[in-house]
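One structure is given here, and the rest of the page talks about it.
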Amino acid sequence: MRLTAVLYAVLAGGAVWADTTAILAGRVHTGTGEVLERATIWVEGGRIVRIDQARPGPGVRVIDHADATVIPGFVAATSQLGGDDSANEESSEITPDFRVSASIGTSPVYLDRAIARGITTAFVRPGLANVIAGQGAVIRPGAPPESLVLADGLELVIPIGPWPAMGNTSPSWGGIQTTRARRPTTRMGTVWLVRKSFFDARTYQLTKRTDGLSKEAPGSYTARELDVLVEVLEGKRIARFVARADKDVRTALRIAAEFGIPRVRIEGLAEGYRGPDELATVSEGLICEVVASDPINANQPLSGLPLPVAVFDHWLCGTHDPLCGCCDLLLSSAGAPGSAELALEGHVRPEYGPRADNVAVLARRTNKLALTTVNHTNHVPEPLEAGSYAIRHGADEQAVLAMLTRIPADMLGLAAEVGTIAPGRRADLVVVSGDPFEVTSRILAVYADGALRHNSAETTR
Amino acid sequence: MSPSIRSAAMLLSALVLAGTAAAQDVLAIKDATIHTVAGEPIAKGTVLVVDGKITAVGPTDQVAIPEGARVIVATGKHLVPGLVVAHTYSGIDSPNENLPVAPFVSTVDSLDPSSLFFESQRREGVTTLGIFPGNEQPIGGKGVAVKIRADTVAGMLVSKEPLALKLSFAARGTRMQTMATIKKAFEDALEARKKHAEATTAADEAKKKNPTAPAPVVPPIDFKVAPILDLLDGTLPCFVHADQPGDVSRLLELLATYPKLKATLVLGGSAFRAHADIAKAKLAVVLDPGLEHTELDPETVREALFPKASVLRKAGLDFALSPEHASQTLVTGHLWYQAAIAVKWGLPPADALKAITLWPARTIGLDGRLGTIEVGKDADLALLSGEPFKVRTFVERVWIDGQPKYRRDQDPWLERLYYKPPVR
């Protein structure tokens with residue numbers, strides 16, 4: 001990367017320029033579907049002023065990326081960029097007023113990794129271990145610590161799947177529920193607790209009283225917690241259901257319909273190609289995960305299962321944990337007694353399971369689709385990898401770029417701020433060595449608010 | 001009939017008989033961009049295959065296609081040698097035996113031709129693999145080379161001879177224990193040979209003294225120990241898994257003590273950092289999957305990235321790349337993807353292609369037959385829909401020994417992998 005003029009950006013300090021800077025780009029993908037050749041991006045005060053083909057005159061600070069392609073900084077529609085602390089509260093399954101922002105550390109490693117992958121804005125959510133998990137936040141990786149959290153207390157994350165029940169064991173009959181020995185221990189228990197929470201919220205909405213209402217999860221409600229649930233019922237807060245399997249997505253939609261929840265978003269959708277049709281009308285849009293590579297446990301042998309599903313080892317959770325029940329697969333090692341029978345019992349019918357063209361199929365049905373990756377090694381999404389994968393298996397390139405930038409920005413209410421290279425937006429730019437979604441291209445530099453936050457030449461040995 | 005006409009008739013019938021006596025299987029792949037890996041790509045070339053061997057490669061106008069040949073017109077497509085994986089421990093039932101020293105076992109006995117691993121590798125252009133034991137034993141067992149061309153072990157095996165013995169310096173337990181175990185196994189083997197030699201000498205002397213008495217029985221060297229003697233004699237090479245730079249030093253020490261040992265390094269973790277020593281010792285190298293190595297600088301708490309392939313190349317080394325173990329078809333980790341990552345970080349594409357064809361073939365001693373598209377080599381070929389390493393490029397066809405072994409347009413798995421299988 002050539003920087004032909006003095007840079008006033010300070011990596012750690014993140015100074016924002018007041019003067020005008022001209023960034024020369026060989027090609028610009030604006031995120032709106034437009035591709036500009038040999039363009040100049042004019043930046044002032046950390047914001048994009050205009051994009052044209054004028055050449056900067058003398059006296060203007062110039063950053064030369066004329067050999068490279070510039071795309072908007074990625075907006076991660078979901079992530080768990082906590083790092084420092086666990087985002088899975090264990091004291092109770094129902095924690096509507098817990099905000100993940102408290103557990104977002106300033107541990108530089110995860111935020112650095114996010115920036116190195118071009119993520120300049122990210123929605124962070126709690127983990128999936130609780131039934132009503134709490135609220136998310138939007139952060140700015142690469143920003144100085146005081147400007148890290150851009151917006152807080154967002155949405156209400158509700159996992160619908162096996163995760164809240166995982167790790168719970170049954171309390172003895174009638175016994176006290178504790179951290180581990182408590183409900184739910186099944187999906188039906190999970191869904192019951194979700195419905196109970198909204199039912200209790202409705203009761204509270206009418207009576208304005210918390211006495212007589214018990215979480216059973218364990219604990220009793222505070223007014224604050226019930227207020228959050230009421231906000232969801234009244235459409236003042238988005239309910240973000242995290243559901244990966246087809247059955248869980250349908251359950252989420254059923255719950256939303258049952259309680260008339262006005263604003264619904266669905267994240268996950270590993271079997272999204274299966275529908276249902278109303279996915280296209282989910283009011284706040286869809287976030288589709290692509291299963292990214294998982295370097296941990298890469299030597300888990302695909303043994304014993306003679307069936308097609310063996311190819312998709314743990315596609316639902318990506319953990320490769322043989323004890324994980326989430327994919328309804330029973331992986332047994334070859335030679336274990338009865339392994340063939342066990343293997344047959346637990347398998348998924350061929351009409352189900354992940355599909356390589358899941359994103360392409362969903363994209364044909366709705367425009368309100370954001371893209372992300374499931375990466376359980378370090379919780380850092382891999383936008384380019386997700387995009388390459390989606391494009392390889394049939395999705396349109398400009399549509400995919402939008403799914404990683406403009407559309408999630410829109411979903412998070414930040415369309416005026418981020419997600420496109422357009423006048424007025426923050427100068428969040430990712431400089432790529434070639435076609436962004438070719439595996440052979442790499443990120444050369446990342447700018448956030450007009451400041452250089454990642455320089456590949458510096459960090460590559 | 002006049003004598004000249006008679007002899008002409010005899011000549012003609014002899015020629016006809018010669019033509020029909022040995023029917024040849026002839027395949028011609030025409031008008032592809034051929035990446036021979038033995039020189040510059042041929043822009044519009046033709047490959048001729050007779051009975052499983054390449055008999056001609058060149059620009060189309062310079063290769064005559066005989067009558068009766070199966071002709072595949074491959075205009076706009078790219079032909080590469082079938083990809084070669086030098087080292088993997090997938091495709092067998094379980095990679096590690098529950099013994100620290102087990103040189104007498106061989107992966108040939110736990111190969112699973114039905115494994116979806118093989119099916120999925122071939123879909124991505126791999127034709128030959130070196131299947132080895134895992135990394136948990138100090139001395140594992142023997143590895144063998146297979147081609148993904150049959151549903152039986154015998155059909156898949158490239159040779160009955162083992163490729164190499166597998167050693168791992170990152171075995172279960174401490175490194176102190178691992179190195180001690182290995183050295184003890186070596187010394188025990190040499191001791192067993194010494195004892196056998198002494199017993200044989202003693203038996204011969206006894207026989208001389210007393211020719212009429214029954215000859216004393218000299219038990220043979222324990223078969224369990226024999227492969228280690230082969231290793232120390234240099235007749236059986238070894239592949240050594242190394243996880244840390246210090247493992248490379250330890251291997252060099254071992255080589256100094258046992259000079260006939262022939263070793264190939266399988267570099268995992270941070271072992272690639274010892275590239276200077278590896279280059280100096282001219283060791284052959286296989287790179288484990290995962291080419292973007294990151295290290296946290298404790299002072300700045302920032303991550304530095306080491307692109308392993310570029311680092312090794314700058315040190316002057318050739319190396320074989322590896323796919324991720326038991327690669328899932330949907331997910332990144334295939335050999336072409338590893339090569340593309342290497343190109344991403346600066347490895348010239350021609351070298352990246354070598355790292356998945358010729359260099360791994362050489363590493364497993366099969367470069368006389370595999371790894372390039374050259375006359376005389378096995379016709380193991382992969383036809384790509386477009387340029388190598390591009391995200392929209394797929395493997396359309398695979399031939400092994402000139403036989404068609406894969407066609408994407410007839411791949412039944414696409415029904416399972418796609419909701420709407422691509423129309424070809």
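The values are calculated or read from the model by the stated rules, or taken from the named source; none is laboratory data. Source: prediction; values computed, not measured. Counting neighbours? That spans all protein chains shown, and the Cβs are built from the backbone with ideal geometry, glycine included.
One table, with the values for the structure above:
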{"quantity": "Of all residues in the stretch B:371-424 being surrounded by 17 or more Cβ atoms within 10 Å (Cβ to Cβ) and of a type in the set (K, R), the one that is nearest to the other protein chains (Cβ to nearest Cβ)", "calculated": "B:R416"}
{"quantity": "Residue list for the stretch A:159-190, filter: under 28 Å from A:D246 (Cα atoms) and assigned to a strand (DSSP E or B)", "calculated": "A:P159, A:T169"}
{"quantity": "Unmet criterion (only one of (1) modelled with pLDDT of 95 or more; (2) surrounded by fewer than 23 Cβ atoms within 10 Å (Cβ to Cβ); (3) closer than 30 Å to B:K420 by Cα; (4) of a type in the set (A, V, I, L, M, F, W, C)) for A:L444", "calculated": "(3)"}
{"quantity": "Top-ranked residue in the stretch B:1-50 [being of a type in the set (D, E, K, R) and at pLDDT below 95; ranked as surrounded by the fewest Cβ atoms within 10 Å (Cβ to Cβ)]", "calculated": "B:R6"}
{"quantity": "Lone unmet requirement of (1) among the hydrophobic types (A, V, I, L, M, F, W, C); (2) touching a helix residue (DSSP H, G or I) at 6+ places or on another chain (Cβ under 9 Å); (3) closer than 16 Å to B:T127 by Cβ for B:L305", "calculated": "(3)"}
{"quantity": "Which listed residue, of A:A386, A:A409, is within 27 Å of A:I104 (Cβ to Cβ), within 14 Å of chain B (Cβ to nearest Cβ) and in a helix (DSSP H, G or I)", "calculated": "A:A386"}
{"quantity": "Out of B:L116, B:L83, sole residue that is more than 24 Å from B:L231 (Cα to Cα) and facing another protein chain (nearest Cβ under 10 Å)", "calculated": "B:L116"}
{"quantity": "Selection status of B:L232, at negative phi, modelled with pLDDT of 95 or more and assigned to a loop (DSSP other than H, G, I, E, B)", "calculated": "no"}
{"quantity": "Matching residues in the stretch A:109-134 - criterion: being surrounded by fewer than 24 Cβ atoms within 10 Å (Cβ to Cβ) and touching a Phe, Trp or Tyr at 6+ places or on another chain (Cβ under 7 Å)", "calculated": "A:A129"}
{"quantity": "Residue under evaluation B:D367, criteria (1) part of a strand (DSSP E or B); (2) more than 10 Å from chain A (Cβ to nearest Cβ); (3) surrounded by fewer than 20 Cβ atoms within 10 Å (Cβ to Cβ), criterion not met", "calculated": "(1)"}
{"quantity": "Residue list for the stretch A:19-45, filter: at positive phi and crowded, with 21+ Cβ neighbours inside 10 Å", "calculated": "A:G31"}
{"quantity": "Condition broken by B:L163, with the remaining ones in (1) out of contact with any Lys or Arg (no Cβ under 8 Å at 6 or more places or on another chain); (2) among the aliphatic types (A, V, I, L, M); (3) in contact (Cβ under 8 Å) with a residue 40 or more places away in the chain satisfied", "calculated": "(1)"}
{"quantity": "Test for B:A339: is it of a type in the set (A, V, I, L, M), in a helix (DSSP H, G or I), at pLDDT 95 or above and surrounded by fewer than 24 Cβ atoms within 10 Å (Cβ to Cβ)", "calculated": "no"}
{"quantity": "Qualifying position, being under 28 Å from B:T174 (Cβ atoms) and touching a Cys at 6+ places or on another chain (Cβ under 9 Å), among B:L252, B:L231, B:L236", "calculated": "B:L231"}
{"quantity": "Inter-residue pairs, beta-carbon under 7 Å, first farther than 13 Å from B:R250 by Cα and in the stretch B:176-187, second among the β-branched types (V, I, T), 6+ apart", "calculated": "B:T181/B:V101; B:A185/B:V101; B:A185/B:I139; B:A185/B:I228; B:F186/B:I228"}
{"quantity": "Within the stretch B:289-319, considering residues that are assigned to a loop (DSSP other than H, G, I, E, B) and modelled with pLDDT of 95 or more, the one surrounded by the most Cβ atoms within 10 Å (Cβ to Cβ)", "calculated": "B:F319"}
{"quantity": "The stretch A:417-444, residues that are within 14 Å of another protein chain (Cβ to nearest Cβ) and outside any loop (DSSP other than H, G, I, E, B)", "calculated": "A:V432, A:I443, A:L444"}
{"quantity": "Those residues of the stretch A:70-85 which are modelled with pLDDT of 95 or more and among the hydrophobic types (A, V, I, L, M, F, W, C), in sequence order", "calculated": "A:V70, A:I71, A:F74, A:V75, A:A76, A:A77"}
{"quantity": "Tabulated pairs, the stretch B:283-303, first at the interface with chain A (Cβ under 8 Å from one of its Cβ atoms), second of a type in the set (S, T, N, Q) and part of a strand (DSSP E or B), C-beta under 7 angstrom, 6+ apart or interchain", "calculated": "B:E303/B:T294"}
{"quantity": "Long-range neighbours under 7 Å by Cβ, at least six apart or interchain, first residue more than 20 Å from B:F223 (Cα to Cα) and touching a residue at least 40 places away in the same chain (Cβ under 8 Å) within the stretch B:97-115, second of a type in the set (A, V, I, L, M) and outside any loop (DSSP other than H, G, I, E, B)", "calculated": "B:L111/B:I92; B:L111/B:I131; B:L111/B:V146; B:L111/B:V153; B:L111/B:M156; B:P113/B:V153; B:P113/B:M156"}
{"quantity": "Search result, residues across the stretch B:93-102 that are more than 8 Å from every other protein chain (Cβ to nearest Cβ) and within 20 Å of the chain's Cα centre (by Cα)", "calculated": "B:N96"}
{"quantity": "Top-ranked residue of the stretch A:196-230 - restricted to ones that are part of a helix (DSSP H, G or I) and of a type in the set (S, T, Y), ranked as nearest to the chain's Cα centre (by Cα)", "calculated": "A:S197"}
{"quantity": "Restricting the stretch A:353-374 to residues that are assigned to a loop (DSSP other than H, G, I, E, B) and within 11 Å of chain B (Cβ to nearest Cβ), the residue that is modelled with the highest pLDDT", "calculated": "A:D357"}
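Matching residues to (1) assigned to a helix (DSSP H, G or I); (2) of a type in the set (V, I, T); (3) under 26 Å from B:G91 (Cα atoms):
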{"residue": "B:D151", "(1), (2), (3)": "no, no, yes"}
{"residue": "B:G155", "(1), (2), (3)": "yes, no, yes"}
{"residue": "B:E161", "(1), (2), (3)": "no, no, yes"}
{"residue": "B:L167", "(1), (2), (3)": "no, no, yes"}
{"residue": "B:G173", "(1), (2), (3)": "no, no, yes"}
{"residue": "B:M176", "(1), (2), (3)": "yes, no, no"}
{"residue": "B:M179", "(1), (2), (3)": "yes, no, no"}
{"residue": "B:A185", "(1), (2), (3)": "yes, no, no"}
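Table: residues versus (1) out of contact with any strand residue (DSSP E or B) (no Cβ under 6 Å at 6 or more places or on another chain); (2) surrounded by 24 or more Cβ atoms within 10 Å (Cβ to Cβ); (3) at positive phi; (4) charged (D, E, K, R).
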site	(1), (2), (3), (4)
A:L404	no, yes, no, no
A:P408	no, yes, no, no
A:D428	no, yes, no, yes
A:T440	yes, no, no, no
